[in-house]
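Have a look at the structure below, then the notes.
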Amino acid sequence: MVLDPEAWLKVITIPNLGIHHLDVGGDFLGAASFDVYASDGNQEHFFQTSGNRTKHIFWLPWGEVDQAVFDSIYVHGLDTTTYTIHY
């Protein structure tokens with residue numbers, strides 16, 4: 001049996017492009033997503049996930065499916081990987 005080392009993904013959201021409500025998700029959360037509001041300012045979100053693998057992340061302005069952005073992140077085991085979203 002191979003055990004994946006745990007890892008942490010730190011997602012930073014910075015509202016500076018005029019979008020007021022952002023939906024963020026990916027396979028580091030399972031099937032879930034989380035909401036970010038520009039009125040809350042810069043935010044840091046930490047997620048525990050399995051490490052030494054590529055994780056997928058997406059974000060989009062609330063209700064604007066055609067504006068979704070998809071990306072991949074390699075998350076190192078036993079470490080924290082930071083990913084920043086400007087919206």
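Every number here is computed from the coordinates shown, using simple stated rules; none is lab data. Values in this document were obtained by computation on a predicted structure and should not be read as measured data. A quick note on method: Cβ atoms are made from the backbone with ideal geometry, for glycine too, and the neighbour counts reach across all protein chains shown.
Legend: ranking of residues THR54, THR80, THR13 from fewest to most surrounding C-beta atoms inside 10 Å; resulting order THR54, THR80, THR13.
On the basis of the beta-carbon distance and an R0 of 25 Å, ARG53 and ASN16 show a calculated FRET efficiency of 0.25.
How about region 1-81: which trypsin sites (Lys or Arg not before Pro) there are in a DSSP loop, with at most 11 other Cβ atoms within 10 Å of their Cβ? Could you put the intermediate results ahead of the total?
Working: sites: LYS10, ARG53, LYS55; in loops: none.
The qualifying sites: there are none.
Sorting LEU3, LEU9 from the fewest to the most surrounding beta carbons within 10 angstrom yields LEU3, LEU9. Here r is the Cβ-Cβ distance between ASP66 and ALA38 and R0 is 25 Å; the resulting FRET efficiency, rounded to 0.05, is 0.80.
What is the order of TYR74, TYR37, fewest Cβ neighbours within 10 Å to most? Display every interim value, and only then the final one.
Values: TYR74 11, TYR37 14.
Ordered from fewest to most neighbouring Cβ atoms within 10 Å, TYR74, TYR37 come out as TYR74, TYR37.
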